[in-house]
Structures are given as structure tokens and as C-alpha cells.
1. So how many residues does the stretch 59-69 have that are open to solvent by less than 50 Å² (accessible area, probe 1.4 Å) and either of a type in the set (D, E, K, R) or at pLDDT 95 or above (or both)?
2. Give the residues of the stretch 26-35 that are free of Cβ contacts under 8 Å to residues at least 24 places away in the same chain, of a type outside the set (A, V, I, L, M) and either within 14 Å of Phe5 (Cα to Cα) or open to solvent by less than 60 Å² (accessible area, probe 1.4 Å) (or both), sorted by residue number.
3. Within the stretch 20-44, can you find the residues that are β-branched (Val, Ile, Thr) and in a loop (DSSP other than H, G, I, E, B)?
4. Six or more apart or on different chains, Cβ atoms under 9 Å: show the pairs whose first residue is in the stretch 41-58 and open to solvent by less than 50 Å² (accessible area, probe 1.4 Å) and whose second is aromatic (Phe, Trp, Tyr) and outside any helix (DSSP H, G or I).
5. Kindly provide the set of residues from the stretch 1-25 that are of a type in the set (Val, Ile, Thr) and open to solvent by 60 Å² or more (accessible area, probe 1.4 Å), ordered by number.
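The values are calculated or read from the model by the stated rules, or taken from the named source; none is laboratory data. Worth saying up front: this structure is predicted, and the values here are computed from it rather than measured. All Cβ positions, glycine included, derive from the backbone under ideal geometry; neighbour counts span all protein chains shown. Areas reflect the complete protein model, heavy atoms only, side chains present, ligands, DNA and RNA absent. Shrake-Rupley method; radii C 1.70, N 1.55, O 1.52, S 1.80 Å.
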Amino acid sequence: MIRLFICPKCGWVRTVSRKSDVECFKCENVQMIPSKLEYAKFVEMSEQERRDYVDSWMYIHKMAGSKTGGEAAV
């Protein structure tokens, strides 16, 4: 099963099939968080829809992190 991971620092999306411990190559060793969006739905999205999804994901997770005083929980 292919899964999507999003970097909580830069918003980069990475697809993986086997790993559950995924790091962002762009931010150098930042732990990526799994997305609840299914891969099949992601590939059907337009580029703009993908950007909008990541932007809203980043906003929600940053808000959750600020409310708890630490890292955002998934």
C-alpha cells in the first residue's frame, strides 16, 4: 500500500510503500508525518488541489501544535 507523508516544516509530500519512519530530504532529517489522504485520491487531484491540501494540512497541524505547546499530533 502506498502512503503519503508530509513534512511538518516545509510541506513537502513524499510517497512511500514500505517505510513507516520517513525523513524529509529537503529539511535534512525532519521526521515526516503520515497523511490520512489516500494515495488514489491524491493522484486524481490537480496540482492546485494538491497545493491547497498541503497548505490546509500545514495550517491545521501548526494550530494543533500551538494549542498543545509542542509538536502537532496526528
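1. Count: 0.
2. Listed by number, the residues that qualify are Lys26, Cys27, Asn29, Gln31.
3. Val22
4. Val54/Trp12
5. Once the filter is applied, which keeps residues that are of a type in the set (Val, Ile, Thr) and open to solvent by 60 Å² or more (accessible area, probe 1.4 Å), the stretch 1-25 yields Ile2, Thr15.
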